[in-house]
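These notes concern the structure reproduced below.
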C-alpha cells in the first residue's frame, strides 16, 4: 500500500482494534496504540530524504473526477514537519497515558479515541484537496469532543466538550464556505492549484469574504480572540489528552491552515489587520490571564492561547522571515508544552491535586520531576540556551519590522507578552520551592520510571535545540519553511549569539520585567484571589457564549410555543396548506395543463383509481372508529398504487411497493396494539357539534386542493414531450456500461450507487434508533388497546377451547403448514435477487420478500422461536450488509477506479457455461442484508413489547393480529 495512505489508515485501524478490546485492560490497547504510532512514525521519518530534496509526495484516488473531488494525499516539507510532530509527540503521550489512566476507566475506549484523533489530524496535514481537508477538519472536532468529554460523569467535562465542539464546528462551517469560494476563484480544489493561484485570489472581488471565512475557521480552531474561551474549559479532559491537544494537534490545526494557505492569501492589508488584531489581542489576554490561574493546567491552557497568538501574529506580518519564525515557534511550543502538561499530570497523579494554592515544596519529594518541569517552564519563558528563547527572539526581531521606525506598538505588545510569560512561568515553578505541603490528598513521590520518560525526552530536545539549534533542528526547519516560501526562502541564522542588538535587549527586558512583575504581584497582590483581577476577565468570552446559547434556547422555546404543536393533524394541515399556497404565490404565471382527452382514458384504469380513492376516503373515515379497518383500507390504496406502477410498465416499483405494503402492515399492526381505544362505534357515537363539522370541512377542502395540485403537477410532467430526458441517458448506457438490462437496478447499484449507499446507511441508523428507543420502553397497561392477560392466568397444562382462545388472543393455526413457506419464500427471494440486474427484482425486493418470510414465522410462533430456531441476529445482518456494500466500493480503489465503480466479469464454469458476474451483484447483496436486518430489528423491537404480556398455551399458535373488536 502507498505510504501516505498507510500513514492515515494505521491510526484508524489501531483505533478499531483498541475499541474491540476489553475496557478494563491497559496493557493491550496501549501496546496496540504504541505499535501503530511507532510504525507510522518510522514510515514518516523514512520519507525525509525525498522530502528534503524538494520532492512533493502525492497519491491520488479517483472519487468524483468530473467535479474535481478526487481523494488527494500530499506530503511536502511542511506536511512532513507536522506529521512527525503529531506522531512523535503522540507516541510519547500514549506511553505516558499507559501509566496515567486508571484501571477503573474504560482505557480501551480512551486509546481508540486518541488514535482516531491522531488519524484525523494526519488527514488534515496530508490532504491535497481542500474539501477533503475540511472533512478531516470536522473529524478532529468530533474526536476532540469525545476526548474532552471522556469522563462523562463530570459536568465540567460535558460542558467543556460541548463548548469546544460548538465553537470549532461553527468555525468549520465558515471554513467550508470559504474553501468553496477559494476553490471557485482558483478554478480547482486541488491544493497545488490553489497555492499557485495567489495573485488571482488576491485580485478577485471575493477575496475579502473568502479570507474572513477561512480566518474564522482557523481562529476558532486555534482558540484566538474572541474565540479563545473554549480552550481553558477543555482542561476537563484527561491530562494526556490536554498534552496532545495543546501541543501538536487540535489547536495547531488552525495554525497549520494559515501557514499552508499563506502563499494564496497573504500579502494584503486585510490579511495583516485581521490576523494581526486577533493575534496581538490573544497573546496579551492569554499571557495576562495565565498569571492569575490557580489550576496548573489552567495556567498552561492560557499560556497555550498566548503562544498561539504569537504564531498568528508572526503570520500576519507577512514577511518570509516571519513565516520561518512561525514554523520554528510552532515546533518549539509543541516540545515544551507537551512536556509541561505531562509534568502537571505527574504532579496531579502523585499528589491528588493541581491547585497551586495547596502545592509547595514539591522539589523535595519529586526532585527529578521538578528539574524537568523547571527546564520546560524556563523554555516557555524564553530563557537563553533553551529552544523557546530562539524563536521568541526571532519574534521580537520581526515585530520591529512592523510600522517602521514610527510605530512600535507591536514591539511593545511583544515585550509585554514576554513579561507576562516570565511571570506565569515563575508562578508555575513556585510549587517546587518552599516547605513541603502536608495537607495534600496523597503523599507526593516520584512517578514510575517510564511515566517520566516522555517528559525527559522532550526536555532533552528543549536543551538540544537551545544549545545547538542548527544541528538539532536546522535542516528540519529549512525543509518546513521551504515548502511554504519556495524560492523566496530568506537567509537566517540559528546561532545562539547574534551580538548585542535590539531583539536581545527586548529579551533581557522581558526576563527582568517578568521577574520584577512577579515579585510585585507576590508582595502586593494575592494571586489566589481571582475576584481582584481587573475587568479584563470580562473578555474571556465564556459568559457571552453561555448567554448566546441561553438566548437561542429561549428563542427556540418561544418559536415552538407559538408555532409548534403535538397534534399530527395540525402539522399535516400546515404542510398541505403550504403545498397548495406556495405554487400559487411563487409560480407566475401558472403553467397551462395539456388538454385531457377522454378517449385516452382507459375505463379499467379509471375504475382502478376509483377503487383506490374509495379506499383512501374509507380509511380517513374509519380512522375515527376502527383502526384495523382503516389500516386494511390504507393497504388497499397501496395495492392500487402497486397496480398503477405495473400498468405504467414499472414492475420493479410495483414489486417494491407491494412488499413494502406487506411488511409495513404487520409493523403498524404491532404499533396499533399500544394505542388506547378513544372512539365509540358509529352507532353509539355522540352527536358531532357544528364546529367539528366546519373543521372537518376545512381540512377536507385543503386535502382535496393539495391532492388536485399534485395530480395536476404529475399530469403536466407526464404529458410534456421533451426531445430527450435523463431517462434516455440511463436506457442507452445501462447495458453497455452497467452490464445489466434492468435499468432500474443498474441505476440504483451502479450509476447512483453512492446515493444507495447513503440510503441504506440512513435505513440502518433509523432501525438502530427505533430499537434503542423501544428496547427499554414499557407501555402502561391502561394505554394498550388489547386486554392484557397475565402469563400466570394461563395454565400451560390446561387446553383451551377455540372460544377461550379467541377471547385471549390465540388462534389454532396449523403452524407446520406456514413453516413450509420459509424455504419456499427463501427460494423466491434468491430468484428475484439473482435476476435483478437484468429482469425485475434486485436486492431490495429480495430482502423484503425474505423479511416477509421471517414475519410469517413470527406470526406462527413469535420472536422467541424465530430467535432460537433461526438464530437471526439483525445487528449482524446490518453490519455485514454495510460492510459488504462499502467493501465493494473500496475494492474499486485497489484497481485505481473511483469509489463504487462497477465492473463486469464473464466466468466460464463447468456445466453452467458462461456466467455474467457484475461487481454490482456484491453491492446488491449488501443492500439485501441491510433490508433484512433493519426489517427484522424493527420487528423485534415492536414485537417484544407486544409479546411481553402474552404467552401461548400448548398447541396454540400466537396470533399477532388479534380480533378486530379488540383493536377498535
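So here's what we get for this one:
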| read-out | value |
| --- | --- |
| Total residues in region 200-232, condition under 21 Å from the mean Cα position of the chain (by Cα) and closer than 14 Å to residue 251 by Cβ | 9 |
| Options 670, 748; residue that is closer than 23 Å to residue 642 by Cβ and at pLDDT below 80 | 670 |
| Conditions (1) buried (at least 21 other Cβ atoms within 10 Å of the Cβ); (2) over 19 Å from residue 79 (Cβ atoms): number failed by residue 126 | (2) |
| The listed residue being surrounded by fewer than 23 Cβ atoms within 10 Å (Cβ to Cβ), assigned to a helix (DSSP H, G or I), touching a residue at least 12 places away in the same chain (Cβ under 8 Å) and out of contact with any helix residue (DSSP H, G or I) (no Cβ under 9 Å at 6 or more places or on another chain), out of 192, 199 | 192 |
| Sole exception among (1) more than 28 Å from the chain's Cα centre (by Cα); (2) at pLDDT 80 or above for residue 957, by number | (2) |
| When residues of region 51-67 are limited to those that are assigned to a loop (DSSP other than H, G, I, E, B) and in contact with a strand residue (DSSP E or B) (Cβ under 7 Å, 6 or more places away or on another chain), the one surrounded by the most Cβ atoms within 10 Å (Cβ to Cβ) | 63 |
| Matching option when the condition is within 29 Å of residue 742 (Cα to Cα), without any contact (Cβ under 8 Å) to a residue 40 or more places away in the chain, in a helix (DSSP H, G or I) and out of contact with any strand residue (DSSP E or B) (no Cβ under 9 Å at 6 or more places or on another chain), among 610, 660, 640 | 640 |
| Among the residues listed as 226, 209, 205, the single one being over 30 Å from residue 147 (Cβ atoms) and either touching a strand residue (DSSP E or B) at 6+ places or on another chain (Cβ under 8 Å) or not in a helix (DSSP H, G or I) (or both) | 205 |
| Unique residue being touching a residue at least 40 places away in the same chain (Cβ under 8 Å), in a helix (DSSP H, G or I) and more than 24 Å from residue 451 (Cα to Cα) when the list is 91, 133 | 133 |
| Among (1) out of contact with any strand residue (DSSP E or B) (no Cβ under 7 Å at 6 or more places or on another chain); (2) farther than 25 Å from residue 576 by Cα; (3) at pLDDT below 80, the one test that residue 739 misses | (1) |
| Among the residues listed as 301, 334, 338, the single one being under 25 Å from residue 490 (Cβ atoms), assigned by TED's automatic domain parsing to the domain that holds residue 401, within 30 Å of the chain's Cα centre (by Cα) and in a helix (DSSP H, G or I) | 334 |
| Check on residue 73, in contact (Cβ under 8 Å) with a residue 40 or more places away in the chain, touching a helix residue (DSSP H, G or I) at 6+ places or on another chain (Cβ under 8 Å), in the same structural domain as residue 18 (by TED's automatic domain parsing) and in a strand (DSSP E or B) | yes |
| Residue 175 vs. criteria outside the structural domain of residue 313 (by TED's automatic domain parsing) and at pLDDT 95 or above | yes |
| Candidates 215, 277, 236, filtered to the one that is crowded, with 24+ Cβ neighbours inside 10 Å and touching a helix residue (DSSP H, G or I) at 6+ places or on another chain (Cβ under 9 Å) | 215 |
| Matching option when the condition is in a helix (DSSP H, G or I) and either touching a residue at least 60 places away in the same chain (Cβ under 8 Å) or crowded, with 17+ Cβ neighbours inside 10 Å (or both), among 182, 173 | 182 |
| Condition met for residue 231 (within 30 Å of residue 299 (Cα to Cα), at pLDDT 95 or above and part of a helix (DSSP H, G or I)) | no |
| Single match in 509, 555, 542 (criterion: over 30 Å from residue 77 (Cβ atoms), at pLDDT 85 or above and under 37 Å from the mean Cα position of the chain (by Cα)) | 555 |
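Residue-wise test of (1) crowded, with 17+ Cβ neighbours inside 10 Å; (2) outside any helix (DSSP H, G or I); (3) touching a helix residue (DSSP H, G or I) at 6+ places or on another chain (Cβ under 9 Å).
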| position | (1), (2), (3) |
| --- | --- |
| 475 | no, no, yes |
| 481 | yes, no, yes |
| 484 | yes, no, yes |
| 496 | no, yes, yes |
| 500 | no, yes, no |
| 506 | yes, no, yes |
| 515 | no, no, yes |
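Rundown of residues vs (1) modelled with pLDDT of 95 or more; (2) surrounded by fewer than 24 Cβ atoms within 10 Å (Cβ to Cβ); (3) part of a loop (DSSP other than H, G, I, E, B), yes/no style:
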position: 80; (1), (2), (3): yes, no, no
position: 98; (1), (2), (3): no, yes, no
position: 110; (1), (2), (3): no, no, no
position: 115; (1), (2), (3): yes, no, no
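Per-residue answers, yes or no, for (1) modelled with pLDDT of 90 or more; (2) crowded, with 19+ Cβ neighbours inside 10 Å; (3) under 22 Å from residue 503 (Cα atoms):
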| position | (1), (2), (3) |
| --- | --- |
| 414 | yes, yes, yes |
| 419 | yes, yes, yes |
| 424 | yes, yes, yes |
| 427 | yes, yes, no |
| 433 | yes, no, no |
| 445 | no, no, no |
| 452 | yes, yes, no |
| 469 | yes, yes, yes |
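The values are calculated or read from the model by the stated rules, or taken from the named source; none is laboratory data. Predicted, not measured: the structure shown is a model, and the values here were computed from it. Neighbour counts are summed over all protein chains in view; Cβ atoms, including those assigned to glycine, are modelled from backbone coordinates with ideal geometry.
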